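Student: Sharing a structure with you now.
Read-outs throughout are calculated quantities, based only on the coordinates presented, and are distinct from any laboratory measurement. The model shown is predicted, which means the values in this text are computed figures rather than measured ones. Here the Cβ positions follow ideal geometry from the backbone for every residue, glycine too, while neighbour counts run over all protein chains shown.
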Amino acid sequence: MTEPRPRRLVVGISGATGIAYGIRVLELARTVGVETHLVVTPAGQQTRAHETDLSARGLAELADVTYRPADIGAAIASGSFPVDGMLVAPCSARTLAAVGYGTGDNLLTRAADVTLKERRRLVLMVRETPLSLTHLRAMTAVTEAGGIVMPPVPAFYLRPATVDELVTHSAARALDLLGIDIGDQPRWGEVSAGHRHQPTPSQPTSTRDGATSDQGPIFGPAPSGAFPS
Ligand SMILES: Cc1cc2nc3c(=O)[nH]c(=O)nc-3n(C[C@H](O)[C@H](O)[C@H](O)COP(=O)(O)O)c2cc1C
C-alpha cells in the first residue's frame, strides 16, 4: 500500500512589505509537518533584502520545494498536482490584481489561478494601505472567484508584547483559514478563560516612556470577560 501524501501547501511571497509573514508561515507549517512549495517573485526578493538578513538561499531552505517565478511549467502550475491550498504572504496589490483577473503572468499568479479553478482554498494576505477603488475591485473579484482576502491586520485583544507576536498571530490565523492548526496559539476564548499569553522572559518589552521592562506587555495582561469578536 502506498503512503498517504503529506499535507501540501503552496506559499507565494510577493513584493509587498511584510515578508516576515511569509517567513513565519513557512516556519509554522514545518512545525506541523506540512510540506511547503514556495515561489518568490523578483519584487519579493527585493523586500527580503530590505527587510531581513536572510539570503535568497536561506529563504528557500525554509521550504521543502522552491520554484523560480518564471518556471511556468512547474508542478504547481498544473491542477493535476495535488495540493491542499495556497497562501500568498505578503500579497502585493500587483499580485492581487493579477490573481483577481486571472492573468497567470508568472508562476505565483498561475498557481493561484490553478488553486481557484480547482476550487481549492486560496488565502491572500494583501498588504497595501490606503486602498484604491482598483484594489477593492480586485479584492471583490478574488472573493467572487472563491478566494479569501485576509489583510494581516493585527489583533490587540491578546495584548501583544512584540512585533514577533503580531506576525505569528496573523500567520497562524491565515493558516487556520487553510485548515492548518499549528496549536499552542493564544485564542480569544482561551484568553478570556484565563490562559493569558505572556511574553517570554528573554524578550524584554518597551514601556510607554521608552525604557525596557520585563514586567509584561506594554498594555498589561489581557483582561478576562466578554469581548466583541
Ligand atoms: C521595499 C518595498 C516595499 C513595498 N511595499 C509594497 C506594499 O506594501 N504593497 C504593495 O502592493 N506593493 C509594495 N511594493 C511595490 C511592489 O513590490 C511592486 O508593485 C511590484 O511590482 C510587485 O510585484 P509582485 O506582485 O510580482 O511581487 C513595495 C516595493 C518595495 C521595494
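Student: Please verify whether Ser80 is among the hydroxyl-bearing types (Ser, Thr, Tyr) and either touching a residue at least 12 places away in the same chain (Cβ under 8 Å) or farther than 17 Å from Ala111 by Cα (or both), treating the condition exactly as stated.
Tutor: no
Student: Residues that are in a helix (DSSP H, G or I), more than 25 Å from Val153 (Cβ to Cβ) and not β-branched (Val, Ile, Thr): does segment 78-93 have at least one?
Tutor: No, the conditions are met nowhere in segment 78-93.
Student: In segment 26-57, what residues are within 16 Å of the ligand (Cβ to nearest atom) and either touching a residue at least 60 places away in the same chain (Cβ under 8 Å) or part of a strand (DSSP E or B) (or both)?
Tutor: Of everything in segment 26-57, those that are within 16 Å of the ligand (Cβ to nearest atom) and either touching a residue at least 60 places away in the same chain (Cβ under 8 Å) or part of a strand (DSSP E or B) (or both) turn out to be Leu38, Val39, Val40, Thr41.
Student: Examine segment 102-113 for a residue that is closer than 22 Å to Arg30 by Cα and touching a helix residue (DSSP H, G or I) at 6+ places or on another chain (Cβ under 6 Å), and state whether such a residue exists.
Tutor: Yes, segment 102-113 has at least one match.
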